Amino acid sequence: MSFCPRGHEIRSGAQFCPEHGAPLFHECPSCGTYWRTGPIGYFGRGPANFCATCGQPGPWVSREDRVLWLKDRLDTDLDEATALELRELLDRLAAMDRMTIARPPRGRS
Ligand SMILES: [Zn+2]
Ligand SMILES: [Zn+2]
């Protein structure tokens, strides 16, 4: 099973998404573990939003979910430098939200 970076499964042995032309992936780009599937909505299944092994978000994960992910990571025992870096990232994301408030949350820039 391959996944489009837009967040859906491709069943054939394609290298690119027939819908979006995006290069497909099967493994977590961060830790190399096979990317898992999970339930989507009530009926569907699709790629899991986060890597089950290292917690890396998929490329389709919305900014809101990424912000929550970063906040959750701050609660784990990170070293101080990483925690500081994540806090700065969150501040920057919050500032971006204020500037781009009229844009749809899933849009890509
Ligand atoms: Zn696609
Ligand atoms: Zn991973």
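The values are calculated or read from the model by the stated rules, or taken from the named source; none is laboratory data. What you are looking at is a predicted structure, and each value in this text was computed from that prediction instead of being measured. Note that each Cβ is placed from the backbone with ideal geometry, even for glycine, and that neighbours are counted across all protein chains shown.
Quick notes
- Which numbered condition residue 29 misses (of (1) under 21 Å from residue 70 (Cα atoms); (2) within 14 Å of ligand 1 (Cβ to nearest atom)): (2)
- Test: residue 86 is outside any helix (DSSP H, G or I) and more than 16 Å from ligand 2 (Cβ to nearest atom): no
- Qualifying residue in the range 1-8 (condition: surrounded by 12 or more Cβ atoms within 10 Å (Cβ to Cβ) and modelled with pLDDT under 90): yes
- The residue list 36, 63 contains one member that is surrounded by 13 or more Cβ atoms within 10 Å (Cβ to Cβ), more than 12 Å from the chain's Cα centre (by Cα) and more than 16 Å from ligand 1 (Cβ to nearest atom), which is 36.
- Any hit, the range 18-27, residues being in contact with a Ser or Thr (Cβ under 8 Å, 6 or more places away or on another chain), free of Cβ contacts under 8 Å to residues at least 12 places away in the same chain and within 14 Å of ligand 2 (Cβ to nearest atom): yes
- Residues located in the range 42-54, provided they are outside any strand (DSSP E or B) and either closer than 17 Å to residue 4 by Cβ or under 15 Å from the mean Cα position of the chain (by Cα) (or both): 48, 49, 51, 52, 53, 54
- Candidate set from the range 72-87 (those that are surrounded by 10 or more Cβ atoms within 10 Å (Cβ to Cβ) and among the acidic types (Asp, Glu)); member that is farthest from residue 57 (Cα to Cα): 85
- Filtering the range 64-80 for residues that are outside the structural domain of residue 12 (by TED's automatic domain parsing), within 16 Å of ligand 2 (Cβ to nearest atom) and in contact (Cβ under 8 Å) with a residue 24 or more places away in the chain leaves a non-empty set.
- Considering (1) exposed (fewer than 15 other Cβ atoms within 10 Å of the Cβ); (2) assigned to a loop (DSSP other than H, G, I, E, B), the lone condition that residue 91 does not fulfil carries the number (2).
- In this structure, residue 53 does not satisfy being within 16 Å of ligand 2 (Cβ to nearest atom) and surrounded by fewer than 14 Cβ atoms within 10 Å (Cβ to Cβ).
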